[in-house]
1. If r is the Cβ-Cβ distance from LYS11 to LYS71 and R0 is 22 Å, what FRET efficiency results, to the nearest 0.05?
2. Could you go through the range 62-75 in sequence order and give the Karplus-derived ³J(HN,Hα) for each residue, using 6.51 cos²θ - 1.76 cosθ + 1.60 with θ = phi - 60°, rounded to whole Hz, and x for Gly and Pro?
3. Give a residue-ordered list of calculated ³J(HN,Hα) values for the range 16-30 (Karplus: 6.51 cos²θ - 1.76 cosθ + 1.60, θ = phi - 60°; whole Hz; x for Gly, Pro).
4. The range 3-110: D in µm²/s via Stokes-Einstein (Kirkwood Rh, Cα pairs, 37 °C, 0.692 mPa s)?
5. Among rounded, prolate and oblate, which fits the range 16-75 when a ≥ b ≥ c are the square roots of the eigenvalues of its C-alpha gyration tensor, a/c under 1.5 means rounded, and a/b larger than b/c means prolate?
6. Work out the count of Lys pairs in the range 3-110 where the Cα-Cα distance is under 19 Å, with the pair 8 or more places apart or on different chains.
7. Spin-label point model (7 Å from Cα, Cβ direction): what's the TYR97 to LYS44 distance in nm?
8. Need one number for the range 1-45: average projected area of the convex hull over its C-alpha atoms, nm².
Amino acid sequence: MLQGSFYLVTKSIGRIVHAFEITQKLDKIVLDAISYLLDLTVVKKKTYYTVGTTNAKRVANIILYFHNTMKGMKALEYRIWARSFNKIKAGSARFDYLTKVRNQMRNIRSIRLDKNFKIIKQNM
C-alpha cells in the first residue's frame, strides 16, 4: 500500500518549505512510474522505497498533477498545503504563516472519527 504525505518541513532556522513524499514497502515498480510522472527519484531505505521532494519547481508540478484528484481528509490536507504554497512566495511573514499552516495540518491529522462521523476524543 502506498503512503503519501503533503507536509511542511523546517530546513533551517527561520525557513520552512513545502515537502511531498510517497512510500511503498513492496512494489518498487509503482514508485518507478510515479517518479517518472512527477520527475522524482526513487530512493531505497532500509525496509521501504520512497520518492519525495522539497524542490519548489517539483512541488509546483505536484500541485498541478494532483489538482482535483482526491477525496476525504487527504484532499483537505492537500488543499491547505497547495493553497499555502501558491499564496506565499517570499517575505518576512512567510515563516510565521507557514508555521500556522503546519500547525493547522497537524491538528487535522490528529482528528479521528467514529463510524457515525463523530470526533473521537484524543488522549492528550
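Read-outs: derived from the displayed coordinates by stated rules, not from any lab. Just so it is clear, the structure is predicted and the values come from calculations on it, not from any experiment. Here the Cβ positions follow ideal geometry from the backbone for every residue, glycine too, while neighbour counts run over all protein chains shown.
1. So the FRET efficiency works out to roughly 0.10.
2. Residue by residue, the range 62-75 yields 5, 4, 5, 5, 8, 4, 6, 10, 10, 10, x, 5, 5, 5 Hz.
3. 10, 10, 7, 9, 9, 8, 10, 10, 8, 7, 9, 9, 5, 4, 5
4. The calculation lands on 225 µm²/s.
5. Judged from the Cα gyration tensor, the range 16-75 comes out prolate (a/c at least 1.5, a/b above b/c).
6. 14
7. 4.2
8. One quarter of the hull surface, i.e. the mean projection, equals 3.7 nm².
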